[in-house]
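To start, the structure under review is shown below, and the notes come after it.
The values are calculated or read from the model by the stated rules, or taken from the named source; none is laboratory data. A quick note: this is a predicted structure, and the numbers were derived from the prediction, not measured. Glycine gets a Cβ as well: all are built from the backbone with ideal geometry, and neighbour counts include every protein chain shown.
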Amino acid sequence: MPAHIEQPAPHHGTAATTATPTVTVLGLGPMGRALAGAFLDAGLRTTVWNRTPGRDEELIARGALSAGSAEEAVTASALTVVCVVNYDASDAVLRSPAVTDALKGRTVVNLTADTPGRARDTAAWAAEHGIDYLDGAIMTPTPVIGTPDGVFIYSGPEALYQAHRPVLDALNGAHTHLGEEIGRAATYDIALLDLFWTAIAGYTHALALARAEGVTARELTPFAQGIAAILPPLFEEGAEETDSGRHSGEGNPLTSGVSSMAHIVEVSESHGIDASVMRSAEGVARRAIGLGHGADGFTRLAEVLGRR
């Protein structure tokens, strides 16, 4: 570990003013290491810190500066990027008195995944302590960080986002500012993860069901990919229907859908396979039918689920 980290000139306001771009990365799990590596590859002066020692050795060999403490790390740069397991972990670091004091007049971009409520709470804390704050999320896996395929989303003050674009753009990939309401990035993240994990759960359940009937995963998967290919146009159609309040069931009304869902439940349970996820979906569909929406399309369920 270097004996000394040269400190940059004090930074105030939202613009990055140092001649050589600098950045600090807190959290060196797989994603944090990928972020720090991308910054190094782009030629940025990168300071790193992790609660558990020893995860920075490869980064140091590539030119990163290792801080002896989180306070030392955030003092080294005008911009600190945080990527840890959740906001409990980020709060434990950022809200310690020494770190909070060191962050005053600097900027935090929190790429930690958590809920919109936690993002709003952290933004309120940051404002109270004179810390500029952007919330964000990473929508792609670790291997593509630093490549054109990376996808990053942010929310918070537009001027702050634009001020730090030169550093954030060093991560390569697509960067999108979703608006000033601080919880929007986390909302997108949660909604898209909902879609992802529900889809993956459906795929693994389909594999179990097919296997029970003597069909291998390799045999089924090309057809599963065909199912995935028809989804994008359905998403476009569903977005128009949901936003307009029109939920056309022409061609595939809910009454037809619940019949196929019931078949999935029946076959699954005949093999002792847990069908609770499909039972839940079928139950919501039948509730919508009971409310008089049997002729509507499946997007009607978004409205039914949102009722209180």
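Taken together, I190, I153 contain a single residue that is crowded, with 18+ Cβ neighbours inside 10 Å and under 22 Å from D135 (Cα atoms), which is I153.
Looking for whichever is in contact (Cβ under 8 Å) with a residue 60 or more places away in the chain and more than 21 Å from A212 (Cβ to Cβ) here; the options are A239, A288, A302. Which one fits?
Going through A239, A288, A302 in turn, just one is in contact (Cβ under 8 Å) with a residue 60 or more places away in the chain and more than 21 Å from A212 (Cβ to Cβ): A302.
So if I check each of H175, H205, which one is in contact (Cβ under 8 Å) with a residue 40 or more places away in the chain and surrounded by 14 or more Cβ atoms within 10 Å (Cβ to Cβ)? Among H175, H205, only H205 is in contact (Cβ under 8 Å) with a residue 40 or more places away in the chain and surrounded by 14 or more Cβ atoms within 10 Å (Cβ to Cβ). Only residues that are exposed (fewer than 15 other Cβ atoms within 10 Å of the Cβ) and either among the small types (G, A, S) or under 20 Å from F39 (Cβ atoms) (or both) were counted across the range 106-139, and they come to 4. Residues that are in contact with a Gly (Cβ under 9 Å, 6 or more places away or on another chain) and assigned to a loop (DSSP other than H, G, I, E, B) were ranked within the range 285-308; the one that is surrounded by the most Cβ atoms within 10 Å (Cβ to Cβ) is G297. Would you call D194 within 17 Å of the chain's Cα centre (by Cα) and free of Cβ contacts under 8 Å to residues at least 40 places away in the same chain? Considered against the rule, which asks whether it is within 17 Å of the chain's Cα centre (by Cα) and free of Cβ contacts under 8 Å to residues at least 40 places away in the same chain, D194 comes out as yes.
For (1) in the same structural domain as A36 (by TED's automatic domain parsing); (2) under 28 Å from A34 (Cβ atoms), each residue gets a yes or a no:
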position: L160; (1), (2): yes, yes
position: P166; (1), (2): yes, yes
position: L171; (1), (2): yes, yes
position: L195; (1), (2): no, yes
position: Y203; (1), (2): no, yes
position: G214; (1), (2): no, no
position: F235; (1), (2): no, no
position: G238; (1), (2): no, no
